[in-house]
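J.: Here it is, the structure in full.
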Amino acid sequence: MRERFGVQAAFDYIVGEKLQLFAESAERDRRLAADLPWFVAEARQLFTADEIEHHLQRLERQLTADAE
């Protein structure tokens, strides 16, 4: 995915959409809650620590700007 669409698009999809949906669903389903650490670990393997930090900061700035 990152090769085809770039790091930002891959991060937004995997972390911004899929991880968020997984975490929200895990609040209601104990089986999903048990798998959440696995999902996070898999997502961490897809991006470098610098990429994760950069894109989380970018998402935070977007959320702050959207709230204003």
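J.: Would it be correct to say that residue 66 is assigned to a helix (DSSP H, G or I) and either touching a Cys at 6+ places or on another chain (Cβ under 6 Å) or exposed (fewer than 10 other Cβ atoms within 10 Å of the Cβ) (or both)?
T.: Yes: the conditions hold for residue 66.
J.: Give the residues of region 36-56 that are surrounded by fewer than 13 Cβ atoms within 10 Å (Cβ to Cβ) and not hydrophobic (A, V, I, L, M, F, W, C), sorted by residue number.
T.: Answer for region 36-56, where residues must be surrounded by fewer than 13 Cβ atoms within 10 Å (Cβ to Cβ) and not hydrophobic (A, V, I, L, M, F, W, C): 37, 42, 44, 45, 48, 50, 53.
J.: Would you tally the residues in region 10-51 being hydrophobic (A, V, I, L, M, F, W, C) and out of contact with any helix residue (DSSP H, G or I) (no Cβ under 8 Å at 6 or more places or on another chain)?
T.: Number satisfying all stated conditions: 5.
J.: Going by what's in this entry, would residue 26 be described as of a type in the set (A, V, I, L, M) and in contact (Cβ under 8 Å) with a residue 24 or more places away in the chain?
T.: Spelling it out, it is not the case that residue 26 is of a type in the set (A, V, I, L, M) and in contact (Cβ under 8 Å) with a residue 24 or more places away in the chain.
Where a number appears in this text, it was derived from the coordinates with a stated rule and is not lab data. Owing to the predicted nature of the structure, the values given are computational and were not obtained by experimental measurement. FYI the Cβ positions are ideal-geometry reconstructions off the backbone, even for glycines, and counts take in every protein chain you see.
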